[in-house]
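The values are calculated or read from the model by the stated rules, or taken from the named source; none is laboratory data. Computed from a predicted model, the values in this text were never measured in an experiment. Backbone-built Cβ (ideal geometry, glycine too); neighbour counts: all protein chains shown.
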Amino acid sequence: MVQQGQIDHLLQETAVIQPPPSLVSQAFLQDQQAEYQRSIQDPEKFWSEVAGELEWFKPWSKVFQWDYPTFKWFIDAKCNITYNCLDRHVAQGRKNKAAFIWLGEDGSERVYTYGRLAQMVNRFANGLRSLGVGKGDRVVIYMPLTPEGAIAMLACARIGAVHSVVYAGFSVGSLQGRILDAQAKVLITGDVGYRRGSKVDLGGICADAVEGLDVVEHVVIWRRESAGEPLPEKYVDFDQLLSEGAIHCPAEEMDSEDPLYILYTSGTTGKPKGVVHVHGGYMVGTYYHFKTYWDVKDNDVFWCTSDIGWVVGHSYIVYAPLIAGATTVFREGAIDYPHPGMFYEIIEKYGVNVMFTAPTVLRMLMRYGDDLPQKYDLRTLRYLTCAGEPLNPEALKWTYEYLCGNGEWGYVVDNWWQTETGGPCLGTTATMAAKPGRVGVPLPGAVLDIVDREGQPITEPDKGGLLVIKQPFPHFFRTVYGDPDRYAQDWNTIPGVYFTGDVALRDAEGYYMVVGRADDVLNVAGHRIGSAEVESALVSHPAVAEAAVIGKPDELRGESIKGFVTLRVGSDPSDEMIEALKVHVRRELGPIAVPSELEFMPSLPKTRSGKIMRRLLKANELGLDPGDITTLEE
């Protein structure tokens, strides 16, 4: 009898990949296990030591206070995250070091040193102050992935305003809802964004969103194509505001627990919620993991393929790399435009050493074939990390072979986290063996467990259940904006712990496999199967680039499995292919996991952050309301 909440484990992947000796020898974190034990045996001492590496206006009187389910870190301390992002580096001689290397889809490039970035952030912060924006005010940012978007975020934080970044391209209703939820007094936008050579009319969307909204006092617009045109009432020119601001703007003294930003979850399974992160703890935690997990050195070039509209972009394009004094590449537009080799071209041209990308990007690269990466010199790429969805074994092994030279120069690993956690909780570090299909072990500071629906720990290896977090770390979110009851609900679904919404299993060596969202678990003839296992089995077929599966009601078996498949270039849909894929899944997982139906699709529906929207597939299949789909990639 399957224990309530327990998941069957079917995928028997036994491969182990060792990190290259060259990576291990220079890794900052040499003993992951010792560091982890230190972090959980005395977390207050551990995080206090990390926080001591950063600049504070006033030290804390107490490290941690937990009044379940709410908590505080670095109590009474005063700081400002932008002081550590900018002022600290200028004062320490990094004024002329490149902070940002920005790339446009049209081939354009802009480089911002720490000194120049600090001046521009100060100028724009003073511009916002001239519009009446101050500490605690909310500002919605609806900007393309450009330096101007990052500058807007940093300028808000500089003066103590709370920014809420909305992914550029979201619908009028979605943008308007977030403005109203935050009661934002200023909206910062651009007139257009670019993707795949096409323009996204951001200005038009904003105009419709703010129509009739008295709460919005000003709309600041960055004009790429409409410069010089008369501006409507309430509108202010971004560049003019920037140019008129003074180059000095002291960082507002913030309490460690003062809100830094509001960010809405991606909504793959339900209604998005406004996650609140704060200045102090978020600064400490994201910085720590950037230094230790991403292992970025002072002379490295780091590339994060996310967007400022997502938590990955907040944490690992804007804030943590700047706190650490790194050089970060980011690029507007589609990763495979104007040609499929763009991804490799950027690595080669800029000598990228460390990357953070999504499994969907790697599966897309697989689809374009094995020959393409071999046309580029990728030997600078030391360390490639993934998050956002489970990294299936086939994609990891393909990436290791073709992007990492079979370990000759590089290494690819997985990590797991959420908008709510601010930074990674599970991962394979630079000195650990990678197990395809397994995300890794708990990272320092994160105490996780797998439990059944009654909250009882599942200790037997490879028996899955609900993934929970047992205690908060500094960069964990503080509340759901305007809805503390919803925040408390996540701590009370399973009393005493935070329920992540994911299901996972753990092997005898402590490596976790995250097999999908709890809502995506398939229940076939009494067997509870994680969607990720069936999808990984499909993707392990040489003709398949990407796959998603859903459960459909079945009178006899409870649920039957339907798969949606995108084929690699050179493979064509056919009845013979369907049969071949079913035979393959049977061989990999057994008869219980064989999809009853398979449908070929040119692409799978995804959020703009690269997560497959299985909820939308299921709703379309069963004729149900898909719920909130504002994050759907067009």
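A few remarks follow.
- Of all residues in region 608-627 being part of a loop (DSSP other than H, G, I, E, B) and surrounded by fewer than 18 Cβ atoms within 10 Å (Cβ to Cβ), the one that is modelled with the lowest pLDDT: G627
- S39 being within 27 Å of the chain's Cα centre (by Cα) and of a type in the set (S, T, N, Q): yes
- Some residue of region 276-292 being part of a loop (DSSP other than H, G, I, E, B) and either at positive phi or in contact with a strand residue (DSSP E or B) (Cβ under 7 Å, 6 or more places away or on another chain) (or both): no
- Any hit, region 246-267, residues being among the polar types (S, T, N, Q), over 31 Å from the mean Cα position of the chain (by Cα) and either at pLDDT below 95 or over 23 Å from I179 (Cβ atoms) (or both): no
- Qualifying residues in region 499-530 (those that are hydrophobic (A, V, I, L, M, F, W, C) and in a loop (DSSP other than H, G, I, E, B)) - the one modelled with the lowest pLDDT: A525
- Hits in region 175-199 - residues which are over 23 Å from Q240 (Cβ atoms) and surrounded by fewer than 21 Cβ atoms within 10 Å (Cβ to Cβ): G177, L180, D181, Q183, R195, R196, G197, S198
- Filtered residue count, region 360-390, keeping only those that are within 20 Å of D295 (Cα to Cα) and either surrounded by fewer than 20 Cβ atoms within 10 Å (Cβ to Cβ) or not β-branched (V, I, T) (or both): 10
- Which listed residue is touching a Ser or Thr at 6+ places or on another chain (Cβ under 9 Å), among the aliphatic types (A, V, I, L, M) and closer than 28 Å to W56 by Cα, from I262, I221: I262
- F343 being touching a strand residue (DSSP E or B) at 6+ places or on another chain (Cβ under 8 Å), within 25 Å of V539 (Cα to Cα) and not in a loop (DSSP other than H, G, I, E, B): no
- Number of positions in region 388-421 that are more than 30 Å from Y261 (Cα to Cα), assigned to a helix (DSSP H, G or I) and of a type in the set (S, T, Y): 3
- Residues (under 24 Å from K291 (Cα atoms) and modelled with pLDDT of 90 or more) located in region 391-403: L396, T399, Y400, L403
- Test for R438: is it in the same structural domain as F28 (by TED's automatic domain parsing), buried (at least 19 other Cβ atoms within 10 Å of the Cβ), of a type outside the set (D, E) and closer than 30 Å to R568 by Cβ: yes
- Given (1) of a type outside the set (A, V, I, L, M, F, W, C); (2) at pLDDT 95 or above; (3) touching a Gly at 6+ places or on another chain (Cβ under 8 Å); (4) not in a strand (DSSP E or B), number of the condition P424 does not satisfy: (3)
- Candidates are the residues of region 411-428 that are touching a Pro at 6+ places or on another chain (Cβ under 7 Å) and not hydrophobic (A, V, I, L, M, F, W, C); the one that is nearest to K611 (Cα to Cα) is N415.
- Candidate set from region 217-245 (those that are surrounded by 21 or more Cβ atoms within 10 Å (Cβ to Cβ), within 29 Å of the chain's Cα centre (by Cα) and not aromatic (F, W, Y)); member that is farthest from A161 (Cα to Cα): I221
- Answer from E332, E348 - the residue that is within 24 Å of T265 (Cβ to Cβ) and surrounded by fewer than 21 Cβ atoms within 10 Å (Cβ to Cβ): E332
- Number of the exception - F473 against (1) part of a loop (DSSP other than H, G, I, E, B); (2) within 15 Å of the chain's Cα centre (by Cα); (3) within 30 Å of G136 (Cβ to Cβ): (2)
- Out of T380, T429, T360, sole residue that is part of a helix (DSSP H, G or I) and within 18 Å of C304 (Cα to Cα): T360
- The single condition among (1) surrounded by 20 or more Cβ atoms within 10 Å (Cβ to Cβ); (2) within 22 Å of S603 (Cβ to Cβ) that P424 does not meet is (2).
- All told, V236 falls short of being in contact with a Pro (Cβ under 9 Å, 6 or more places away or on another chain) and not in a loop (DSSP other than H, G, I, E, B).
- Residue match in region 319-330 (condition: touching a His at 6+ places or on another chain (Cβ under 9 Å), in a loop (DSSP other than H, G, I, E, B) and not aromatic (F, W, Y)): yes
- D370 being over 17 Å from A545 (Cα atoms), in a loop (DSSP other than H, G, I, E, B) and out of contact with any Leu (no Cβ under 9 Å at 6 or more places or on another chain): no
- So G281, is it in contact with a Gly (Cβ under 9 Å, 6 or more places away or on another chain), surrounded by fewer than 23 Cβ atoms within 10 Å (Cβ to Cβ) and not assigned by TED's automatic domain parsing to the domain that holds T146: no
- Residue in region 215-230 that is farthest from P144 (Cα to Cα), counting only those that are assigned to a loop (DSSP other than H, G, I, E, B) and at pLDDT 95 or above: V215
- Qualifying residue in region 316-331 (condition: in contact (Cβ under 8 Å) with a residue 40 or more places away in the chain and basic (K, R)): yes
- Condition met for V354 (surrounded by 21 or more Cβ atoms within 10 Å (Cβ to Cβ), touching a Lys or Arg at 6+ places or on another chain (Cβ under 8 Å), modelled with pLDDT of 95 or more and within 25 Å of E55 (Cβ to Cβ)): yes
- Scanning region 444-469 for residues that are touching a residue at least 24 places away in the same chain (Cβ under 8 Å), part of a loop (DSSP other than H, G, I, E, B) and within 12 Å of D507 (Cβ to Cβ) yields a total of 3.
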